[in-house]
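> Quick one: the structure is below, and I'll ask about it shortly.
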Amino acid sequence: MSSFRIRPRFKQLTKEPSKHLQDRLIEKLENGVAKFVATSVQDHITLTIPSVEKHFWSPQLSLSFEETEEGTIIRGLYGPNPTVWAVFFFGYVSVGILALFGLMAGSSQLMLGQEAPVLWSLPACGIVAIILYFVAQTGQKMGAEQMFRLHHFYEDTVGSVVHID
């Protein structure tokens, strides 16, 4: 799945009570209908891939349930393991900070009439950012099949087709 969306998400309104939906989801997992691991805290459930099948790029589905007057709003967010998310966040922040300092040092040198070879760090930072992006896209593709399994399990549990934004 190649997409510009870093973390695909969806929002669904259903007439069923939140507790009923959560119980049905947990019951299907306990009955072995699907092989996922669920973590439940109040009105939030996180579905992950079991350890046997899990790899570095395995996705997870975070579901939050909110009761309203019209029914239950379910918000779903697909994303990588928080460790993977943190590694890429740290990588992009590091590249951004290095580019900022390179730009500040280089522009200072230019204003003083000196040569500014430190400005070559800007294209290097750009290349590293592009490499990070393509590594993330490759990882998304490696986890796509598992993400589709998570999504189809959710659709089967809710009983309706859900479009990802």
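> Once the other residues with Cβ under 9 Å from the Cβ of Phe65 are scored (Lys, Arg +1; Asp, Glu -1), what is the net sum?
-1
> Next question, about the same structure. In terms of Cα to Cα distance under 16 Å, which aspartates and glutamates are near enough to Lys28, apart from those fewer than 8 places away along the same chain?
List returned: Glu155, Asp156.
> Straight distance only, please: which aspartates and glutamates reach the Cα of Lys19 with their own Cα at less than 13 Å, same-chain residues fewer than 8 apart left out?
Cross-link targets: Glu27, Asp43, Glu66, Glu67.
> Restricting everything to alpha-carbon atoms, can you work out Rg to Rh for the chain with a Kirkwood hydrodynamic radius?
My calculation of the ratio gives 1.17.
> Could you please rank His44, His163, placing first whichever residue has the fewest other Cβ atoms within 10 Å of its Cβ? Before the final figure, lay out each step's value.
Numbers: His44 13, His163 7.
Going from sparsest to densest Cβ surroundings: His163, His44.
Bear in mind that the values in this text are calculations on the coordinates, not laboratory data. A quick note: this is a predicted structure, and the numbers were derived from the prediction, not measured. Cβ coordinates were reconstructed from backbone atoms using ideal geometry, including for glycine residues, and neighbour counts include every protein chain displayed.
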